[in-house]
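Chemist: For reference, the structure I am asking about is given below.
Where a number appears in this text, it was derived from the coordinates with a stated rule and is not lab data. Since this is a predicted model, take the numbers as computed values, not measurements. Don't worry about glycine lacking a Cβ; one is built from the backbone with ideal geometry, like all the others, and counts go over all protein chains shown.
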Amino acid sequence: MSERFTIKLDGRSCRAAPGETVLDVAGREGVSIPTLCHDPRLEPAGACRTCLVEVAGERRMQPACAFRVRPGMDVTTASERIDRHRKVLYGLYMADHRLDDAGLPEENGSANMLREQAARNGALALPPVNASRTGRPADTNPYIRFDPELCILCARCTRYCDEVEAVSAITLTERGASTTIGTIGNAGLLDTSCELCGGCIDTCPTGAMTEKKSYGIPHAELEAVRSTCNFCGVGCQVDLNIHAGRVVKVASPPPGETVNDGNLCVKGRFAYDFIHHEERLQVPMVRGRDGELHRASWEVAIRRAADGLLAVRAKHGADALGFVSSSRCTGEENYLMQKLSRAAFGTNNCHQCAAT
Amino acid sequence: MTNSIPEIRDADLLFVIGSNTTEAHPIIAMEMKQAVRNGARLIVADPRKIWMAEIAERHLQLRPGTDVWLLNAMAHVIVTEGLTDNAFIEKHTKGFEAVREALLPYTPEGAEEVTGVPADDIRQTARAYAATPRAGIYYTLGITEHTHGTDNVYALANLVLMTGHLGVRSAGMNPLRGQNNVQGANDSGATPMFYPGYQRVDDPEVRLKFESAWGVALPPKPGLNLNVMMKAMARGEVRGMYVMGEDLVISEPNASEVEVGLNNLEFLVCQDIFPNETTRYADVILPAACFAEKDGVFTNSDRRVQRVRKAVEPPGEARADWEILCDMARAAGYLMPPYASASEIYDEMAALVPAYAGISHERLEENVAGLQWPCPSAEHPGTETLHLGGPLIGKAGFQVVQYRESDELPDGEYPLVLSTGRVLYHYNAATQTIREPGSMAKAGRNFLEIHRRDAGRLGIEDGQMVTVASRRGQVQAEALISPRMRPGCVWMPMHFADSRANLLTNDAGDAVTGTGEYKVCAVSVRA
């Protein structure tokens, strides 16, 4: 790696490394620059223009997300010129964003970075523009909803689909004011290379991409509990979003914090219906003399289970017992299962599906 | 994994063998895609032209079950062309001379005959692997689910050791674990040979330690692994079973034998979250909480211990598995301590295993990215890359590995080779994912992938229902004519209870691990 050097950021001297962007350095120095199209998982696009900053010697303002640092450069992130630019820009986005005055309806739980930033930075009031973007109303996929009225074409979703998930199922289609997020032949996502990972929803800054399953649940009413995904062995961290005692949405922690770097797959993000499924086992069952399984109390069921295994041991010895633990259960539970097998029943016949 | 998942994107070469990463480990696949975007070379060895093969610079489409020949031939090239890391071999390994001798017959040309992989591809792969300092090996069940699974792993380890690709960031030996907590289940001692932390049950000193901790005499004889347990059950040697969170009938090979065994049992307890094919045989069914309804930890593929937190209440009267297990132990007359929480159970285990001594629920609250063992003290940050200062065991041993054929090879009656595996949209026995609309919309029923040439010869059209038969059973599935297949090979997912791939599979097990030969059995297919 080549030598680090110094740049000026709002008059302060800051260390920087070759290849870094202005936004990288600003982030490290605690200088806040608004962005919409930026996602640390993606190549910089410089598309949304919210992060424009002044660079001494450059006639035009430059996108902090894509502009690489140079030794001795002098960057200004707050000025009257930048303010003016942002007010016009947010005004244009909001005019094209949604036809109602209030912006996004409150019941839409998706984070709306655009609306928050427009409120914070001030948006010039402009008459609404009715752009003719089309969605895919006939798309029957059960998870991903696209509302073209809320899209600002920052292309985070399509770039995520290309660069991170690498299936390129969605893309910018049409031209000019009709430009939208489309698929080949405007097919439903189930008929494309889409793997329903939902990364497009995760990265969307405007609520144009949302989850069908949790749509309409007020964001403020969700409680998030951090946990670990229960499917494969990657160990993705998840936030289980709870509403009225049920898991209604699963999201990833932000990029950069955990092993999954903000990403989830179709199972981790969406396959949680099983948790509250009506076919879950809910009561202990004991087989009766009639050969059928009957509902029993916990006391009866545990007694019966222990007696049944003890009887086998009395008759055939401890090694006629087998204990199958589970790589689906927790570490503590696996610890207890082998302890049960060894200490309570006296056999090392204890294994789990590691070899399966 | 000797490396960690975040190291993947910085690798310069990925050798992915027997891992359909995009379907079985989608998020690790994202890291691999990132590495390739960053310029890493990707070489895939797999009998199927899987998704990763599409973006690889080279795809070694070997015949199923010929991995040892392929890997030994790579090692042959490295040895004969002088590409070994002699300083590493000298300092950190033993047994190299015997392996060098044993490798001599494994020429790339010989490998081409057996594996079907062109000799030049093998040479180029071996050279690239040996010459790239940050070269990582990634494998999954395509390596282990063979009667020679342990040999496959040894052959890979030989490659790692002779090139010194160990204890280096982004270079190492990386088995990708299939289940959320398969690493943790083994770490916790749910295994017939080891107490928690891989401490041997037949070591008297170790046993004494656990006897004094648990206050009871413990059995000295190692137990049966699952594969052997299933056979012992069928023979009537195992008469009582306690099964927590596994559907044996769907998951184990040669399912009809498993069902014979379950029928033979005098007593069966099942503890699960859904009724399944195995609970039908149960004498007692205990309803358990799922992961969202209880506290604990899972340990992932890169040895990362992470929290599972209770978010919602279990349905009906269902209870956390750990609570049920405590009650079971007490009902059987063992004084299980009165744990107030999963955290206390973890502390008890951590006190018995030096490598986890520094890990606790408390510390995991502050460490949002988890703690990777070995983590021997409360001040230790955890271990991202294993073997950094040389192999943990001192000197790592090379293993001489000779090629053996798979247990069951195709013949006139069963002319095709069947491998089984997973699809992205389902998870193992699919008790969770068959209840999910997206999974069912994308993969709603069983199918058999078959090469166009075999389908044509058998008069089978795409989408047609076919009967697949082996010596052990038969199932119906929809034929999917697929350019991913090798001629002579067919492939089927293992998820579907109404069309069970494991009625077909061979339960001949690896001599060391007992793992069944899910990846190779002989079948016939007819319209």
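Chemist: From the Cα gyration tensor of region A:232-356, with a ≥ b ≥ c the square roots of its eigenvalues, which class applies: rounded if a/c is under 1.5, or else prolate if a/b is larger than b/c, or else oblate?
Modeler: Oblate, since a/c reaches 1.5 and b/c is not below a/b.
Chemist: While we're looking at this one, here's another question. So what is the relative contact order of region A:5-78, in percent, for Cα pairs below 8 Å that sit 6 or more residues apart?
Modeler: Numbers: 135 pairs, mean separation 30.5, N = 74.
Worked out over region A:5-78, it gives 41 percent.
Chemist: Normalised by the residues of region B:1-94, what does the relative contact order come to in percent, with Cα pairs under 8 Å and at least six apart?
Modeler: Values: 94 pairs, mean separation 20.4, N = 94.
Contact order relative to length: 22 percent.
Chemist: Report the label-to-label distance for A:V129 and B:E97 in nanometres (one decimal), using points 7 Å from each Cα along the Cα→Cβ vector.
Modeler: For the pair A:V129/B:E97, the computed spacing is 7.9 nm.
Chemist: Hey, what number do you get for chain A at 222 nm if only DSSP H runs of n ≥ 4 count, each worth -39500 (n - 2.57), divided across all residues, to the nearest 500?
Modeler: Values: 8 runs with 79 residues, N = 356.
When only DSSP H runs of four or more count, the value is -6500 deg cm²/dmol.
Chemist: Over region B:182-372, what relative contact order in percent results from Cα pairs under 8 Å that are six or more residues apart?
Modeler: Numbers: 260 pairs, mean separation 29.5, N = 191.
About 15 percent, as a whole number.
Chemist: Another question about this same structure. Rounded to the nearest 20 debye, what is the charge dipole size of the protein assembly as shown about its Cα centre when +1 sits on each Lys and Arg Cβ and -1 on each Asp and Glu Cβ? Working shown, then result.
Modeler: Values: 91 positive and 111 negative charges, 195 e Å.
Computed charge dipole of the protein assembly as shown: roughly 940 debye.
Chemist: Can you grab the distance from the C-alpha centre of region A:1-70 to the C-alpha centre of region B:56-109, Å, no decimals?
Modeler: That distance is 48 Å.
Chemist: Quick one: if you stick a label point 7 Å off each Cα along the C-beta vector at A:A224 and B:K395, how many nm between them?
Modeler: 5.3
Chemist: For chain A, with only Lys/Arg (+1) and Asp/Glu (-1) charged at the beta-carbon, what is the dipole magnitude about the Cα centre, in debye rounded to 20?
Modeler: 560
Chemist: Something else now. Could you point to the residue in A:G207, B:L42, B:A29 farthest towards the positive end of the protein assembly as shown's charge dipole, with +1 and -1 charges on the Cβ of Lys/Arg and Asp/Glu respectively?
Modeler: About the Cα centre, the residue reaching furthest to the positive side is A:G207.
Chemist: Here's a follow-up. Between B:A443, B:I460, B:T505, whose Cα lies farthest towards the positive end of the dipole of region B:416-526 when Lys and Arg beta carbons carry +1 and Asp and Glu beta carbons carry -1, centred on the Cα centre?
Modeler: B:I460
Chemist: What FRET efficiency comes out for A:F5 versus B:A378 if R0 is 41 angstrom and r is the Cβ-Cβ distance? Round to the nearest 0.05. Provide the component values of the computation, followed by the final result.
Modeler: Working: r = 40 Å, r/R0 = 0.98.
The value I calculate is 0.55.
Chemist: Each label point is 7 Å from the Cα along the Cα-to-Cβ direction; what then is the distance between the points at A:N186 and A:D83, in nm?
Modeler: Calculated label separation equals 4.5 nm.
Chemist: If you put +1 on each Lys and Arg Cβ and -1 on each Asp and Glu Cβ, how big is the dipole of chain B around its Cα centre, in Debye rounded to 20?
Modeler: Working: 49 positive and 67 negative charges, 167 e Å.
My answer is approximately 800 debye.
Chemist: Another one. Compare the Cα positions of A:A45, A:G262, B:M492 along the charge dipole of the protein assembly as shown (+1 at Cβ of Lys, Arg; -1 at Cβ of Asp, Glu; about the Cα centre) and return the one farthest towards the positive end.
Modeler: A:A45
Chemist: So, counting K/R as plus one and D/E as minus one, what does the shell of residues with Cβ under 10 Å around B:Q372 add up to? Can you show the working numbers first?
Modeler: On the way: positive: B:R303, B:R304; negative: B:D302, B:E384.
My count for the surroundings of B:Q372 gives 0.
Chemist: Sum up the charges of everything whose Cβ sits under 12 Å from the Cβ of B:D454, counting Lys and Arg as +1 and Asp and Glu as -1, but leave B:D454 out. Each step should come with its number before you reach the end.
Modeler: Numbers: positive: B:R452, B:R453, B:R457, B:R486, B:R526; negative: B:E449.
In short, +4.
Chemist: So what's the back-of-envelope 222 nm ellipticity for chain B, counting only DSSP H runs of four-plus at -39500 (n - 2.57) apiece and dividing by all residues, rounded to 500?
Modeler: On the way: 20 runs with 168 residues, N = 527.
Roughly -8500 deg cm²/dmol at 222 nm, from the helical runs in chain B.
Chemist: Note down the net charge around A:G188, summing +1 for each Lys or Arg and -1 for each Asp or Glu among other residues with Cβ under 13 Å from its Cβ.
Modeler: Values: positive: A:R136, A:R145, A:K212, B:K442; negative: A:D139, A:D191.
For residues surrounding A:G188, the net value is +2.
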